[in-house]
């Protein structure tokens, strides 16, 4: 559709302008084939790995003692780790919308989880939202998503409709089974727009497809962006039997529920190790920026650990929002580096664009982390960070929960039926002492800011037009 629109636009240009553009394109093509040219060599490849429901304490590098994650740990150690990195939302779809748009999810129509049943779906990606693959595509990148999409099931909200050149993975939300890849009996596995029915554990399939994609890039001069979005370790907690047996043998006395989750995470870690090894084998590693993070905190009811943080997935407490994050880029990001700066998922959009030299002129709320990743002195002003979630079911009934963080202060409402709570994370990182009654000035300041953000989000439609217009 973009090429057709571009042809119509070209026809409206003067003959001289068309000739100039054609000459520029020819020169760009010639430059792209020259050894050492800026066009071909200096733009990095980018691999963004997003895992699903990984708890803040569920990596050995983050304190887990019953779990081994050598490959993710090695990735983290090879670059910079952020100690204050937040998911935009404590559930899946909104965080994914923020990663791909650089915006708060409620401002692009995704305040909650997009599900397969319309009556329990809480988002519709805005038609005018500009996604990362569109911007990178204009800059000359090939763009691919392998794994979980979770931002729409049908046209015009599939990956290929929103700018991705390649899609091989799962359209829907969770899988009911990692081996048959169904949700409510429906197959959402796709190769671009073609339904497929592959054999194997979803984690293995996404790893295999990613490795195949990377091998296919080794002789190309065009840089690429690979968004690798694993379903693991989201429920169902279904590790391959041999991985579960290995954990039980190594960790005598481990609870059955915990053993299954540990095995699922260790299996995921092995897959990420294969992807990183393929980058090396294909000769791509030295010019590839690799980003790793999770879409939200771990689910406590299935045995996840969020370190010392309070609560977990679905919650506005730190355990639902604070996630592991690291970025590695040989020669650009120092190894074994740590950054105390507070950052959030929507910052990845401008960070990736900054690294790629891709420009955009539409407003976003995210800001580039590239200066911090390169170790440049902090000159970034403090900002408020907002968190918002709309959800159905018996717990919330379609109502919202929200939070705002300003410096060390955090105001939150973890249930629509509970009062706002105020914490000073610098003095109370475990959110044990509510200061709402004693710090009235700060409470009022943050409550006012949160109210404005809620109003902004409330002005954005989040249901399909067919449902909005139904009478």
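The values are calculated or read from the model by the stated rules, or taken from the named source; none is laboratory data. Just so you know, these numbers come straight off a predicted model, no measurement behind them. Here the Cβ positions follow ideal geometry from the backbone for every residue, glycine too, while neighbour counts run over all protein chains shown.
Scanning the range 253-281 for residues that are in contact with a helix residue (DSSP H, G or I) (Cβ under 8 Å, 6 or more places away or on another chain) and not in a helix (DSSP H, G or I) returns a single hit, 254. May I ask you to verify whether residue 312 is at negative phi, crowded, with 23+ Cβ neighbours inside 10 Å and in the same structural domain as residue 86 (by TED's automatic domain parsing)? Answer is yes for this residue. Within the range 182-205, being in contact with a helix residue (DSSP H, G or I) (Cβ under 6 Å, 6 or more places away or on another chain) and either closer than 30 Å to residue 241 by Cβ or not in a loop (DSSP other than H, G, I, E, B) (or both) holds for 198, 203. When the range 158-176 is examined, which residues are found to be out of contact with any helix residue (DSSP H, G or I) (no Cβ under 9 Å at 6 or more places or on another chain) and in contact (Cβ under 8 Å) with a residue 24 or more places away in the chain? 158, 160, 172, 176, listed by residue number.
Can you tell me which residue in the range 161-181 is nearest to residue 229 (Cα to Cα), limited to those that are out of contact with any strand residue (DSSP E or B) (no Cβ under 7 Å at 6 or more places or on another chain) and surrounded by 22 or more Cβ atoms within 10 Å (Cβ to Cβ)? Before the answer, list the steps.
Step one: list which residues in the range 161-181 are out of contact with any strand residue (DSSP E or B) (no Cβ under 7 Å at 6 or more places or on another chain), which gives 161-162, 177-180.
Cutting the leftovers down to surrounded by 22 or more Cβ atoms within 10 Å (Cβ to Cβ) gives us 162, 178.
Values: 162: 16, 178: 14 Å.
By that ranking, first place goes to 178.
Scanning the range 344-362 for residues that are touching a residue at least 24 places away in the same chain (Cβ under 8 Å), surrounded by fewer than 24 Cβ atoms within 10 Å (Cβ to Cβ) and outside any helix (DSSP H, G or I) returns 357, 358, 359, 360, 362. Among the residues in the range 407-417, are any farther than 23 Å from residue 307 by Cα, outside the structural domain of residue 81 (by TED's automatic domain parsing) and in contact with a strand residue (DSSP E or B) (Cβ under 8 Å, 6 or more places away or on another chain)? Yes: the range 407-417 contains one or more residues that are farther than 23 Å from residue 307 by Cα, outside the structural domain of residue 81 (by TED's automatic domain parsing) and in contact with a strand residue (DSSP E or B) (Cβ under 8 Å, 6 or more places away or on another chain). Screening residue 184 on (1) surrounded by fewer than 21 Cβ atoms within 10 Å (Cβ to Cβ); (2) at positive phi; (3) without any contact (Cβ under 8 Å) to a residue 60 or more places away in the chain shows it passes everything except condition (3). Got at least one residue in the range 13-32 being at pLDDT below 50 and either at positive phi or part of a loop (DSSP other than H, G, I, E, B) (or both)? Yes, because at least one residue in the range 13-32 is at pLDDT below 50 and either at positive phi or part of a loop (DSSP other than H, G, I, E, B) (or both).
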